[in-house]
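To start, the structure under review is shown below, and the notes come after it.
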């Protein structure tokens, strides 16, 4: 497949954004449809652009498998069967693959890759502390997510990778994790923990602390801690080099971010704050996708006039419609309620349009998705959503 040509002009649709990029990082608050939107964008790219497309979720919630109609998505990339597309009436030009980060498996692979030799790798993997906390300690999930993205991209097996990140409040951890992890393994705290065990010499000031710690935690536990971090420090240079490479990749012109939100106050506030942080840090924001937006017809002046007329003439209309069979007063109340409800929705729809216009000055593309009558649970639903955002 020919390599994509980078668009120098401002893209006019999500179609153009994805055609020009190799990595799309999908961010957003919890509950705004971020995972489903990421899967829909990847599915549309596989259908229209061809090539090999991967959607990679680093969100701990297991929603991606449900959205794609697959069971058992794990660390290894799994191809979405062609039958999933044909069942939705689509014939993709390319292939859609999916993977969900398995933190423990990814850490084991990382250790084997960065350890100076096989013996050191096996010592780390056997360490009780590593086995206990490799999937849980601070920055573990976010760091290994960036490692996995970098690893997959570096292999060159996919023309496009769409990454579904954790909710926005954790997304900065996702971006900062490589450097934070490198800083952690060179920190004064680690040197303070491991030097006494490395040298087997403790001065008079430190000896009382370790004697108390030995009694409370046990000598074996402290030795496990010291051994764990001493062994990990052998991989420090690999961590630093990888952190620098990942940071360059995120700022590369082949990478863009896609912000997903609704126009509700809290998610929109988070989205605007995160968009500002992306701009401050020099990341490219390719698209904003606004889910659950009220339909455009609610903003129609003609529709408002009809609703106001129905409200004002509700008594007359009720008398005409009841024809002696229904209670005119009850029918009048229903007509007034419907008309006022429409007018209220028009106010909200107009406010949403103003909010959308304010966002439109920042990203290349702003796409809106209306309320769907049913939940999205299969490929057909993903493609219907995709059509709304594709442009």
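The values are calculated or read from the model by the stated rules, or taken from the named source; none is laboratory data. Predicted model, so just to flag it, every value in this text is computed and none were measured. Cβ: placed from backbone, ideal geometry, glycine included. Neighbour counts: every protein chain shown.
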ask   = Here are 380, 386: which of them is in the same structural domain as residue 290 (by TED's automatic domain parsing), surrounded by fewer than 18 Cβ atoms within 10 Å (Cβ to Cβ), in contact (Cβ under 8 Å) with a residue 60 or more places away in the chain and part of a helix (DSSP H, G or I)?
value = 380
ask   = Of everything in the range 367-377 that's assigned to a loop (DSSP other than H, G, I, E, B) and in contact with a helix residue (DSSP H, G or I) (Cβ under 8 Å, 6 or more places away or on another chain), which residue is surrounded by the fewest Cβ atoms within 10 Å (Cβ to Cβ)?
value = 374
query = Do any helices (runs of 4 or more DSSP H) lying entirely in the range 86-190 carry at least 3 residues that are modelled with pLDDT of 85 or more and assigned by TED's automatic domain parsing to the domain that holds residue 49, and which ones are they?
reply = 103-114, 118-126, 140-155
ask   = What residue, among those in the range 292-307 that are surrounded by 13 or more Cβ atoms within 10 Å (Cβ to Cβ) and touching a helix residue (DSSP H, G or I) at 6+ places or on another chain (Cβ under 7 Å), is farthest from residue 257 (Cα to Cα)?
value = 307
inquiry  = Criterion first (under 13 Å from the mean Cα position of the chain (by Cα), surrounded by 18 or more Cβ atoms within 10 Å (Cβ to Cβ) and either modelled with pLDDT under 90 or part of a helix (DSSP H, G or I) (or both)) does residue 67 satisfy it?
reply    = no
query = Of everything in the range 21-50 that's assigned to a loop (DSSP other than H, G, I, E, B) and at pLDDT 95 or above, which residue is surrounded by the most Cβ atoms within 10 Å (Cβ to Cβ)?
reply = 21
message = Would you confirm, using the coordinates I've provided, whether residue 339 is within 12 Å of residue 288 (Cα to Cα), in a helix (DSSP H, G or I) and either free of Cβ contacts under 8 Å to residues at least 40 places away in the same chain or out of contact with any helix residue (DSSP H, G or I) (no Cβ under 9 Å at 6 or more places or on another chain) (or both)?
response = no
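Yes/no matrix, rows are residues, columns are (1) at pLDDT below 85; (2) out of contact with any helix residue (DSSP H, G or I) (no Cβ under 7 Å at 6 or more places or on another chain):
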| site | (1), (2) |
| --- | --- |
| 313 | no, yes |
| 330 | no, yes |
| 344 | no, yes |
| 347 | no, yes |
| 352 | yes, yes |
| 365 | no, no |
| 380 | no, yes |
| 386 | no, no |
inquiry  = touching a helix residue (DSSP H, G or I) at 6+ places or on another chain (Cβ under 8 Å), crowded, with 18+ Cβ neighbours inside 10 Å, under 28 Å from residue 39 (Cβ atoms) and modelled with pLDDT of 90 or more: is that true of residue 359 in this structure?
reply    = no
query = What helices (runs of 4 or more DSSP H) completely inside the range 193-309 contain at least 3 residues that are in the same structural domain as residue 165 (by TED's automatic domain parsing), under 20 Å from residue 365 (Cβ atoms) and modelled with pLDDT under 60?
reply = none
